[in-house]
Amino acid sequence: MNQSKISVRYAKALFLLSQEKNKVERVKADIQTLGKAFEQSVDLEQMLLSPVISNHQKAKVVSLIFEKIFDPSTLSFLQLVIRKNRESLLKDIIRNFLELCYRSQGITRVVFTSAVSIDPAFLDKIRGIIEKELRTRVEISSNVDETLIGGYVLRVGDKQLDASVSGRLDNLHRKLLENNSQQK
């Protein structure tokens, strides 16, 4: 089965479980904490992905790290993911679960990536424009990616607008290669 489908199924199962137990916000906070833990600790991700470490040991480590801060249902879910050898899908499960949470609340997530740090007032203006255009509540986050050189990349759901210098250079490079291959 396609791994993206598997991660969506796990995310849906966690979302439905958290809805059933009226713990969506609590589980959402746990899942966001887990995502931040992955971002901040390469060791955690490497440990979970290591084929040398047994599932039992991985589950034990996860329990030691998160048992005092996570809801029991979140912890049980993580241990299930480990038992089923789906640790490699955790980042996708996190992303899909959060998307389900936002969608259920009528919130569209937007990611604004630029080469330099952006003023929060400017982000508020962008949020206002997108909310007006899409007629929905928008949660916007910003990232800095110096490889963009200049401009920005705006991601709304599964759509992306690339107005970056590096994106334009990539497009130009592709067109030149296409023209070159057509001339041969």
In segment 35-58, the residues that are surrounded by 13 or more Cβ atoms within 10 Å (Cβ to Cβ) and of a type outside the set (Gly, Ala, Ser):
Phe38, Leu44, Glu45, Met47, Leu48, Ile53, Asn55, Gln57, Lys58
So, in segment 1-31, exactly how many residues are free of Cβ contacts under 8 Å to residues at least 12 places away in the same chain and acidic (Asp, Glu)?
2
Of (1) surrounded by fewer than 15 Cβ atoms within 10 Å (Cβ to Cβ); (2) modelled with pLDDT under 90, Asp162 satisfies all except one. Which?
(1)
Any chance segment 135-147 includes a residue that's surrounded by 11 or more Cβ atoms within 10 Å (Cβ to Cβ), under 20 Å from the mean Cα position of the chain (by Cα), at negative phi and assigned to a loop (DSSP other than H, G, I, E, B)?
yes
Of all residues making up segment 10-57, the number that are within 18 Å of Arg103 (Cα to Cα), of a type in the set (S, T, N, Q) and more than 18 Å from the chain's Cα centre (by Cα)
3
One residue from Val61, Val110 being surrounded by fewer than 18 Cβ atoms within 10 Å (Cβ to Cβ), of a type in the set (A, V, I, L, M, F, W, C) and in contact with a helix residue (DSSP H, G or I) (Cβ under 8 Å, 6 or more places away or on another chain)
Val61
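The values are calculated or read from the model by the stated rules, or taken from the named source; none is laboratory data. A quick note: this is a predicted structure, and the numbers were derived from the prediction, not measured. In this analysis, Cβ positions are derived from the backbone assuming ideal geometry, glycine residues included, and neighbour counts consider all displayed protein chains.
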